[in-house]
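These notes concern the structure reproduced below.
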Amino acid sequence: MQIDVRVFATLRRYVPELGVGETIKMDVESGTTLVEILDHLNLPREEVKIVMRNGRQADLDDAVQEGDRIAFVPAIAGG
Amino acid sequence: MPKKILRINMTDKKATYEDVPEKWSRWAGRALTSAITFDEVEPTCHPLGPNNKLVIAPGWVTGTPAAPSSGRTSFGGKSPLTGGIKEANAGGLSGQKIAKLGLAAIILEGHPKDGKWYTLVLNRNGVEFKDAAPLMGKGMYEIDEILGKTYPNTAIIGIGQAGEMKLSNAGISVNDSENHPGRYAGRGGMGAVMGVRGVKAIVVDDTGGPGVEIADKETFEAGRKKLTEAILSHDLTKKGGGLPSYGTAILVNIINEAGGLPTRNFSTGQFEGAAKISGEAIAEVIEQRCQGADSEGTMGHACHPGCIIKCSNVYPDESGKHLVSCVEYETAWALGANCGIDDLDYVAQMTRECNDVGLDTIEAGNTIAVAMEGGLLEFGDGAGALNLFDEVRKGTPLGRIIGQGVEATAKAFGVYRVPTVKGQSMPAYEPRAIKGIGVTYATTPMGADHTAGYTIAPEIAGVGGKVDPLTDEGKADLSLTFQAATAFIDSTGYCLFIAFPILDIATGWAGMAETVAGVTGMAVTGDDVVPMGKEILKMERLFNEQAGFTSERDRIPEFMREEALPPHNVTWTITNEELDQVYSWVHNGS
């Protein structure tokens, strides 16, 4: 099944080929968890502060579903 | 030498230095501007009348050697935009220089009977009242350039044409280290309050000033070290971290992802063009345009000397030269997503216009969005939006309406979707999708203001804990705690962004309090932050009550209860009773 993955801000250093605003289309097995996707992309776990699934906070152990929109977020804040 | 209060009466052009009275002796920054406003300004006075005042105060630690990121200046009084108490603070050069002149605060009162305008020059010898005629009708870029030549290496506080016209969205500019305008006490129309006093600019020359006394150097130094370590070790604020790398606009993509980026006048929570106006996009523009040695665009720009976070940027024009500093998250959102504009160059040019004419970017962007909804121009029309600033500059009837902010413009164009609380428009976080910040918008004495109680930290960023943004539960308490802590931090002179590292790193929190204890000699610890913050909030809340505010003013606009916000299709559901609990302690004990 296919999912969309977005990687933001300082985490983009680990996927340098990804342009601003671009998404990673991934084909994954049913039951794949968010942490497996994170590891597959070689994102350092300690730098991923928030994971979002379809715009909501998610846990790294959550399994993805067909068509999910996933986002990995590092330490962010501002104003 | 104890600090003094400098009282400048513009009616008789008299400046007097007063001892700080006992009742104000504990306070600085926001606490002091609010205390003076509470004690000296009639709550029911007209904000543009003779009985309002402009109070300017650096924070407790501002002007001390090496207290990191502590250059804030608070500007307070009664707001023409909200009709309530206001404190707006800014970075730039002014805070440190005012503090080094030995001043706890400047109180600007009265107004010239002859209708003349003045530039005030503050130095160690006193105050000079200079004829401001050569500056009249000019914007802040020209004013900073002119005054910077006559008074090099000074802080320049000034108002653009909007402040001259006493418009409700007129801000107060402070120059940065490159002597450009753009560090703004933007919110609430305090530029109009300065204009009423007949003051176009204030030059602060701290040469030979007495500096800031530190009561207990050992405690101060221990606290400074802890705070500095926290800032420089946190992933957000350390060198190469999120804020110095991408600026505050690092949030554009994230808040959009969470469905909380107000788009096209708060009609949806996601903008299809978000990535194009994001911090990542700004960084890319700078990299592309600033390869040459004489390039001026940069990320990691410090808004004042001694900032170790450096979240500001200098956005370049096509040749790599300074176009504007700074394109913030709020700016990129207000003048971008909220107007349906996805072109960073238009956003940057409009930001420059705000800085020049002297307008708050949040209120300006919201105003244009409301005008777009009212049919003045189409959403997404960057060129049309940019032209509106010239209308304000020239003082045309349309420009004067736009310069009054969202509520006046909504009335002029018959718009119902009006995203304001207490007359001040909302910043870049949708309260329907991020409920805690909505509680802050509704209940802070300042009118809708994210900085008054930034629950985004736990609701979105996972800083200081992790809370679901879409739920109502516990948000009233969360907002109050953040509002109280913020009132304290706004009084320290530290940039509010120190809150992110110290919410996660306990020694940093303690260190902040120790620096305050060290400078003032007061017995302040980290445990005193929230209780002291509540004392400040109480003064502000009571001022508003005496100005005629009731709990009915602590409400989120009706349309947010009626219209479900995509993509989560959520409405505002926190009850009025829950909102009224936030400040119930003011009259019922703590």
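The values are calculated or read from the model by the stated rules, or taken from the named source; none is laboratory data. A quick note: this is a predicted structure, and the numbers were derived from the prediction, not measured. With ideal geometry, Cβ positions are generated from the backbone for all residues, glycine too; neighbour counts draw on all protein chains shown. Remember, those area values only see protein heavy atoms, side chains included, never the ligands or the DNA or RNA. Shrake-Rupley method; radii C 1.70, N 1.55, O 1.52, S 1.80 Å.
Some observations on this one:
- Residue ID - surrounded by the most Cβ atoms within 10 Å (Cβ to Cβ), chosen from residues in the range A:3-58 that are outside any helix (DSSP H, G or I) and in contact (Cβ under 8 Å) with a residue 60 or more places away in the chain: A:F8
- Residues (touching a Ser or Thr at 6+ places or on another chain (Cβ under 7 Å) and open to solvent by 50 Å² or more (accessible area, probe 1.4 Å)) located in the range B:125-149: B:K130
- Verdict on B:V529 being under 21 Å from B:G474 (Cα atoms), open to solvent by less than 50 Å² (accessible area, probe 1.4 Å) and in a helix (DSSP H, G or I): yes
- When residues of the range B:458-469 are limited to those that are assigned to a helix (DSSP H, G or I) and crowded, with 21+ Cβ neighbours inside 10 Å, the one nearest to the other protein chains (Cβ to nearest Cβ): B:A461
- Residues in the range B:562-590 that are part of a helix (DSSP H, G or I) and either under 28 Å from the mean Cα position of the chain (by Cα) or surrounded by 13 or more Cβ atoms within 10 Å (Cβ to Cβ) (or both): B:N576, B:E578, B:L579, B:D580, B:Q581, B:V582, B:W585, B:V586.
- Looking only at residues in the range B:470-514 that are more than 24 Å from the chain's Cα centre (by Cα) and within 14 Å of chain A (Cβ to nearest Cβ), the one that is farthest from A:G78 (Cα to Cα) is B:T471.
- For B:T73, the stated conditions do not hold, so it cannot be described as surrounded by fewer than 24 Cβ atoms within 10 Å (Cβ to Cβ), hydroxyl-bearing (S, T, Y) and modelled with pLDDT of 95 or more.
- Residues of the range A:59-79 classified as open to solvent by 20 Å² or more (accessible area, probe 1.4 Å) and either part of a strand (DSSP E or B) or facing chain B (nearest Cβ under 7 Å) (or both), total: 2
- Looking only at the range B:411-452, and only at residues there that are free of Cβ contacts under 8 Å to residues at least 60 places away in the same chain, out of contact with any Gly (no Cβ under 7 Å at 6 or more places or on another chain) and more than 14 Å from chain A (Cβ to nearest Cβ), the one that is surrounded by the fewest Cβ atoms within 10 Å (Cβ to Cβ): B:K411
- Subset of the range B:361-375 [of a type in the set (D, E) and farther than 16 Å from B:Q424 by Cβ]: B:E373
- For the range B:51-65, a residue qualifies if it is farther than 15 Å from B:A99 by Cβ and out of contact with any helix residue (DSSP H, G or I) (no Cβ under 8 Å at 6 or more places or on another chain), and exactly one does: B:N51.
- Matching residues in the range B:259-274 - criterion: being farther than 14 Å from B:L335 by Cβ and touching a helix residue (DSSP H, G or I) at 6+ places or on another chain (Cβ under 6 Å): B:Q270
- Condition met for B:T82 (within 25 Å of the chain's Cα centre (by Cα), surrounded by 24 or more Cβ atoms within 10 Å (Cβ to Cβ), part of a loop (DSSP other than H, G, I, E, B) and in contact (Cβ under 8 Å) with a residue 24 or more places away in the chain): yes
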